[in-house]
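Here's the structure we're looking at; comments come further down.
The values are calculated or read from the model by the stated rules, or taken from the named source; none is laboratory data. Values in this document were obtained by computation on a predicted structure and should not be read as measured data. Cβ placement follows ideal geometry from the backbone for every residue including glycine, while neighbour counts extend to all protein chains displayed. To get the accessible areas, we keep the full protein, side chains included, count just its heavy atoms, and leave off ligands, DNA and RNA. Shrake-Rupley method; radii C 1.70, N 1.55, O 1.52, S 1.80 Å.
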Amino acid sequence: MRIIMHVDLDAFYASCEEREHPEYKGKPLIVGADPKGGTGRGVVATCNYEARKYGVRSAMPITRAYKLCPNGIYVRPNFPLYEETSARIMKILRKYADKLEIAGLDEAYLDVSRSAGSFKIAKEIAEKIKKEILEKEKLTCSVGISVNKLIAKMASDFQKPGGITIVTENEIKDFINPLGVRKILGVGPKTEQKLKEMGIETIKDLAKLSKKQLIEEFGNSMGDLLYKSARGIDESEVIEEQEIKSIGREYTFEKDTDNIDEILNTIDKLSEETIEDVLKSKLFFKTITIKLRYHYFETHTFSKTLDIPTNDLETLKIVAKELLRKHIKDEKIRLIGVRVHNFSEKEVQKSLKMI
Ligand code: DCP
Ligand code: MG
């Protein structure tokens, strides 16, 4: 039997901010765009549990949050802080796992089948993890423990903040039946809406549909996912990522800018730094992605995949700038990023190089 743990930090960005600014504690705190007295653009990234009492939620327009909670503290996200904190937390988690899969800045799956051997020991490990993260990082997390990733993730969400939820094989059905279909990883607002129109709201409802029906309605891969998930089945492994997935650089402007020369020069600089790392890694990339974050905190990424792998600086600069010119809106930019991925180890003959 497998024993899989999902660890998810509570109100992650907001908790990092509270730790750095103890004066925020106990007050509703919203991390995201500037509400500008109710006229701001952009969305809530996250908020602490005090703010959630007012109905504020992740991804909600900041104007709506401001209506719900005008007296809250509103701060812009400090991504370097969250990234550094996350990296230290993942290091802690790694010690306890046979295999660790980092699923986001604030969440990871741990395969503890061998090191725990039983749910009882797995719970003790979860308690140790919570204690160590609290002592070292002053942050709380919630943990789900079950026989696969799907149920472990649902379980970590079940008693937030701070809970440890164990769902054994025999308990899976009762645990998932009353949950909304949206709790299934991979089910977004569109699938949720479509299911709702079919009269399906809970996982119990979903389990009544045949595999054939689901595949007809949602296609092979989503149909199969829905069919298996409704039965608590998930065979996917916890996957350690050792190899480099992407290389890139980001820059936050001192002052938000719409000066196109300044933006293009920055892309050149970021491209140069990126290529330095690419050359060190001896890798060749096929895909180039730029990231644009506007002053109101909306973030977009745009990519282009080349026909052949390269490590060429000029190619990177040209494609990155072409992507920028094609997609930039007439708004001030807060952050810009250049990233390359889709690596291979072989270069194709130089004479074939093309964009
Ligand atoms: N996040 C975001 N936009 C979203 C959802 C999340 O920017 N729509 C960011 C902010 C969160 C972090 O990702 O702090 C982790 O996401 P979670 O969904 O785990 O949310 P939280 O950790 O904030 O809260 P919870 O206590 O519910 O886990
Ligand atoms: Mg979280």
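Listed values, structure above:
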{"read-out": "Tabulated pairs, region 88-111, first open to solvent by 30 Å² or more (accessible area, probe 1.4 Å) and of a type in the set (Lys, Arg), second more than 14 Å from ligand 2 (Cβ to nearest atom) and in a strand (DSSP E or B), C-beta under 7 angstrom, 6+ apart or interchain", "value": "ARG94/LEU100; LYS99/ASP111"}
{"read-out": "Among the candidates LYS183, LYS149, residue that is more than 13 Å from ligand 1 (Cβ to nearest atom) and basic (Lys, Arg)", "value": "LYS149"}
{"read-out": "Hits in region 222-258 - residues which are farther than 23 Å from LYS149 by Cβ, loosely packed, with under 13 Cβ neighbours inside 10 Å and either touching a His at 6+ places or on another chain (Cβ under 8 Å) or free of Cβ contacts under 8 Å to residues at least 40 places away in the same chain (or both)", "value": "GLU254, LYS255"}
{"read-out": "Flag for GLY55 being on the phi > 0 side of the Ramachandran plot and in contact with a Pro (Cβ under 8 Å, 6 or more places away or on another chain)", "value": "no"}
{"read-out": "Of residues in region 60-74 being in contact (Cβ under 8 Å) with a residue 24 or more places away in the chain and closer than 12 Å to TYR296 by Cα, the one least open to solvent (accessible area, probe 1.4 Å)", "value": "ILE62"}
{"read-out": "Residue list for region 1-46, restricted to those being of a type in the set (Gly, Ala, Ser), surrounded by fewer than 21 Cβ atoms within 10 Å (Cβ to Cβ) and within 30 Å of THR168 (Cα to Cα)", "value": "none"}
{"read-out": "One residue from THR140, THR165 being farther than 23 Å from ARG114 by Cβ and among the hydroxyl-bearing types (Ser, Thr, Tyr)", "value": "THR140"}
{"read-out": "Among residues of region 127-146, those that are closer than 14 Å to TYR96 by Cβ and within 15 Å of ligand 1 (Cβ to nearest atom), counted", "value": "4"}
